[in-house]
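To keep things clear, I will list the structure first and then write my remarks on it.
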Amino acid sequence: LYPRLLLAGLLTALPGCMWAAAVDAPAAGALRHTRGGACGEAYTPAYVIQGRGEATSLAGREVTTQGVVVADQEGAAPALRGFYLQDADGDGDAATSDAVFVFNGDRDDVSVGDVVRVSGRVGEFHGQTQVSASAVARCGRGTLAPAPIVLPLTRADMLEAREGMLVTVPQTLHVTGNRHLGRFGQVTVSAHGRLMQPTDVVAPGDAARALQARNELARLIVDDHGNALHPDPIAFGRGGRPLSAANTLRSGDTVAGLTGVLTWTRPGSGADGPGWRIRPLGALGGAARFDASNPRPAVPPQVGGTLRVAAINVLNYFNTFDDGDAATPGCFPSHSDRDCRGARSASEFERQAAKTVAAIAALDADVVGLVEMENDGYGPDSSLHDLVGRLNAAHGRQSHALLDIDARTGRSHAAGGDAIRVAIIYRPARLRPVGVTAVLDAAAFVNGGDGVPRNRPALAQAFEDGGGGRFVLVMNHFKSKGSTCDAPPLPDGEGECSAVRLRAARQLLAWLGSDPTRTGEQDVLVMGDLNAYAMEAPVQAFVRAGYTDLVGRDAGTNGYTYGFDGQWGRLDHALASPSLARQVSRAAVWHVSADEPDVLDYTQRGRSAAQRASLYSADVHRNSDHDPVIVGLDLADGVQATCAPDSTCPPGLAGDER
């Protein structure tokens, strides 16, 4: 079987190979006999074990092979419990891999750079070819040059021929996904910058499917040395240092000279399938140094104007907790713990609140629309009252007021029957609500054509500034893509429930055309989480109706607000009616949250005691999973309103209808 001879100090490079091997003679006493013979005797090379297909043809066979250890991940789980063995010479065939994974149980027999001889049974494990070792002998020391791979790939199956081999990527790659950094210690990288959600930049259908296919060929996973759940420390931060609150790893950061062993493995959880991973840690010459190519923004972007309007997702701001204590209050609508979201304890909530207050204060907006607030009314114990109280305490004065929808509509739970709601807070010294506080909660909108509620009710409120200029803010939270609706999704890239969101958009447009605030105001700003990317039907329904996609106009693809599965787009929107669009100075997104690893948020679960301190900072970064949207307005002067008889006029205003 394919006799090989290891020559002391010989540098071997077969014609057509992209790598070379140098092997030293074994140290005295290192040789020992195995069932497959002594070091240097006949063996089955790794490339024969691998073969040309996705699975080995030698499954179930006993073999002896030999090569250089190019990555050592031995030891008990969560280690990979084995090592990667690469043939010293290779066969020069670009269609076959020259390496194989050796499963070695909980033993620790080898080191990186060892030349070893292995006997064992061939098999497949989660799609990766392996030899389950029954005997291992060290035969000396060796080295290998990594084989280059370049992204994007031209075919999805190209990497099969490099499975288990030492590889390098001779180009700069961008971090395009860090969602699993804290959970599995892995980062998704891509060629040519971050990957965009297809339906954020092209029309759903053929164009979106084609872009998705290109995205799949442009990405790889960079993984740590094992399959630990919630690893501690988290290896990949900037500059070769572990992740911490002070040393982040943002999407958009870069890595050059990435070198490691290429594996087809799972991340360590049955919920996530296997994928192509480069594992630099524990590999021969492994390297993965991430550079800070996407700096943290110190302050929100400037949008000009005389008024600032912002919308922010507050990541389930609940001051009632799923604490497992039946004696403590539960959450609406069942008033049990099962409807509580967000923080799971008072200590977690304090961490969440600190980040949320810091972010809203930094936005410095005159009116702020909130998404994912607890739907628990407006009393002194409510989540919204808590948030406004903390903001006022941070400013040292009564800077903000809440819009009490129940009081203004004369209805209980006017914000709907879901556990979360949209809400509005504002600065009474700068604006006052006028007209009718309007809530769109008709079944045609909330259900979106389905048999049960899907969308949260929309909230519309007209505001007037000190010069009499007016506009209507409309806050929304449409049905997510994360669960099914009555109709299955079309294969066009829009995901689940697009039909529900489209019906909601049409209902909202019709409602806005009916003057729900009874002010006659045509200057309308639709904001919030529409759970639809920019080119999808719900957003395009507004564009066709004459609304301007402000963030798309002013920020383009840099206006992303959310990342999912390593792809980026805008779920959070600012859509202006034709008359208001002319009064918008600029719209922008503050990239303070979505680019950050979610492990840097307020959560304590899944973190060691040391990580609860090192991964958290009471600052604006990763205050949510969405980025806030900011709009600057220069409102045209309107007709001055008069004070309500029972109200006090704030400075600069003619009236206050709080």
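Which FRET efficiency value, to the nearest 0.05, is calculated for VAL436 and ALA256 with the Förster distance at 51 angstrom and r the Cβ-Cβ distance? If you can, show how the numbers build up before the last one.
Working: r = 58 Å, r/R0 = 1.14.
The computed FRET efficiency comes out at 0.30.
Where the centroid of each part is defined by its Cα atoms, how far is the stretch 88-129 from the stretch 206-258 in Å?
Cα centres, the stretch 88-129 to the stretch 206-258: 26 Å.
To the nearest Å, what is the center-to-center distance of the stretch 366-417 and the stretch 493-536, using C-alpha atoms only?
Using only Cα atoms to place each centre, the spacing works out to 23 Å.
Evaluate the charge dipole of the stretch 535-633 about its Cα centre and quote only its size in Debye, nearest 20, assuming +1 on the Cβ of each Lys and Arg and -1 on the Cβ of each Asp and Glu. Mind dumping the intermediate values first?
On the way: 9 positive and 12 negative charges, 43 e Å.
I would put it at about 200 debye.
Got a number for carbon plus sulfur as a percent of the stretch 320-427's accessible area, 1.4 Å probe?
Looking at the stretch 320-427 in its full context, I get 49 percent from C and S.
Amide H neighbours of THR96 under 5 Å, counting only residues 5+ apart in sequence or on other chains, H built in-plane at 1.01 Å?
none
Can you work out the Karplus-derived ³J(HN,Hα) for every residue in the stretch 393-398? Use 6.51 cos²θ - 1.76 cosθ + 1.60 with θ = phi - 60°, whole Hz, and x for glycine or proline.
Using θ = phi - 60°, the values come out as 5, 5, 8, x, 6, 7 Hz.
Mind checking the full-extension length gain between HIS230 and VAL150? Use 0.36 nm per residue of separation minus the Cα-Cα distance, one decimal, nm. Please report the intermediate quantities before stating the final value.
Values: separation 80, 0.36 × 80 = 28.80 nm, distance 3.03 nm.
Length difference between fully extended and current span is 25.8 nm.
Within the accessible area of the stretch 457-542, what % is carbon and sulfur when the probe is 1.4 Å and the other protein chains stay in place?
Numbers: 1400 of 2670 Å².
Answer for the stretch 457-542: carbon and sulfur cover 53 percent of the accessible area.
What accessible area, in Å² to the nearest ten, does a 1.4 Å probe give for ASP492?
Rounded to the nearest 10, that gives 30 Å².
Cβ under 9 Å from VAL303's Cβ, VAL303 left aside: what net charge do those residues give with Lys, Arg +1 and Asp, Glu -1? Don't skip to the end; give the middle numbers.
Numbers: positive: ARG308, ARG586; negative: ASP554.
With Lys, Arg at +1 and Asp, Glu at -1, the neighbours total +1.
Between SER57 and ALA609, take the C-beta separation as r, use R0 = 45 Å, and let me know the FRET efficiency to the nearest 0.05.
Numbers: r = 50 Å, r/R0 = 1.12.
It comes to 0.35.
How large is ³J(HN,Hα), in whole Hz, for each residue of the stretch 217-227 in order, when computed from phi with the Karplus curve 6.51 cos²θ - 1.76 cosθ + 1.60 and θ = phi - 60°, using x for Gly and Pro?
Taking θ as phi minus 60°, the curve returns 7, 9, 10, 9, 9, 9, 10, 7, 8, x, 10 Hz for the stretch 217-227.
Positive end of the charge dipole of the chain (Lys, Arg +1 and Asp, Glu -1 on Cβ, about the Cα centre): tell me which of VAL314, ALA394, VAL551 has its Cα farthest that way.
Most positive-ward Cα: VAL551.
Quick check: at a probe of 1.4 Å, how many percent of the accessible area of the stretch 62-143 sits on carbon and sulfur atoms?
Taking all protein chains in place, the stretch 62-143 shows 48 percent carbon and sulfur surface.
Any idea what diffusion coefficient the chain gets from Stokes-Einstein, in µm²/s, Kirkwood Rh on alpha carbon pairs, 4 °C, 1.567 mPa s? Spell out each step's value before the answer.
Working: Rh = 27.4 Å.
It comes out at roughly 47 µm²/s.
Using amide H atoms built in the peptide plane, which far-off residues or other-chain residues are under 5 Å from THR265 H to H?
GLY275, ARG277
Give me the number: length gained by fully extending ALA135 to ALA77, i.e. 0.36 nm times residue separation minus the C-alpha to C-alpha distance, one decimal in nm.
Stretched out fully, the ALA135 to ALA77 stretch lengthens by 18.9 nm.
For the chain, build the charge dipole from Cβ charges (+1 Lys, Arg; -1 Asp, Glu) around the Cα centre, then report which of GLY286, ALA534, GLY304 sits farthest towards its positive end.
Going by the Cα projections, it comes out as GLY286.
Given Cβ point charges of +1 (Lys, Arg) and -1 (Asp, Glu) and nothing else, what value in debye, to the nearest 20, does the dipole of the chain about its Cα centre take?
Working: 60 positive and 74 negative charges, 147 e Å.
With Lys and Arg at +1 and Asp and Glu at -1, about 700 debye.
To the nearest 20 Debye, how big is the dipole of the stretch 103-257 about its Cα centre, given +1 on the beta carbon of each Lys and Arg and -1 on that of each Asp and Glu? Could you put the intermediate results ahead of the total?
Values: 16 positive and 15 negative charges, 55 e Å.
Dipole about the Cα centre, nearest 20: 260 debye.
Please give the per residue accessible area of the chain, computed with a probe of 1.4 Å over protein heavy atoms only, in Å².
On the way: 24420 Å² over 658 residues.
Per residue, the chain has 37 Å² of solvent-accessible surface.
Given R₀ = 35 Å, what would the calculated FRET efficiency be for ASP325 paired with ALA510, taking r from the Cβ atoms and rounding to 0.05? Don't skip to the answer; put the middle values down first.
Working: r = 45 Å, r/R0 = 1.30.
After rounding to 0.05, the efficiency reads 0.15.
As I understand it, the dipole of the chain uses +1 on the Cβ of Lys and Arg and -1 on the Cβ of Asp and Glu, about the Cα centre. Which of SER382, ALA442, ALA161 lies farthest toward its positive end?
Result: ALA161.
Taking amide H positions as placed 1.01 Å from N in the peptide plane, with prolines and chain starts having none, which residues 5 or more places from SER134, or on another chain, fall under 5 Å of its amide H?
SER119, GLY120, ARG121
Net charge within 14 Å of HIS225 by Cβ-Cβ distance, Lys/Arg positive one each and Asp/Glu negative one each, not counting HIS225 itself? List each step's numbers first, then the result.
Working: positive: ARG81, ARG277, ARG279; negative: ASP72, GLU74, ASP108, ASP223, ASP224, ASP232.
It works out to a net charge of -3.
Could you give the nm distance between label points at THR484 and ALA38, where each point is 7 Å from its Cα heading toward the beta carbon?
Label-label distance for THR484 and ALA38, simple model: 6.5 nm.
Among residues other than GLY566 whose Cβ falls under 9 Å from its Cβ, what is the net charge (Lys/Arg +1, Asp/Glu -1)?
Result for the local shell: +2.
The values are calculated or read from the model by the stated rules, or taken from the named source; none is laboratory data. What you see is a predicted model, and the numbers here were worked out from it, not measured in a lab. Because the Cβ atoms are built from the backbone with ideal geometry, glycine has one as well, and the counts that use them run over all protein chains shown. For the accessible areas, the whole protein counts, side chains as well, though only heavy atoms, and no ligand, DNA or RNA atoms are used. Shrake-Rupley method; radii C 1.70, N 1.55, O 1.52, S 1.80 Å.
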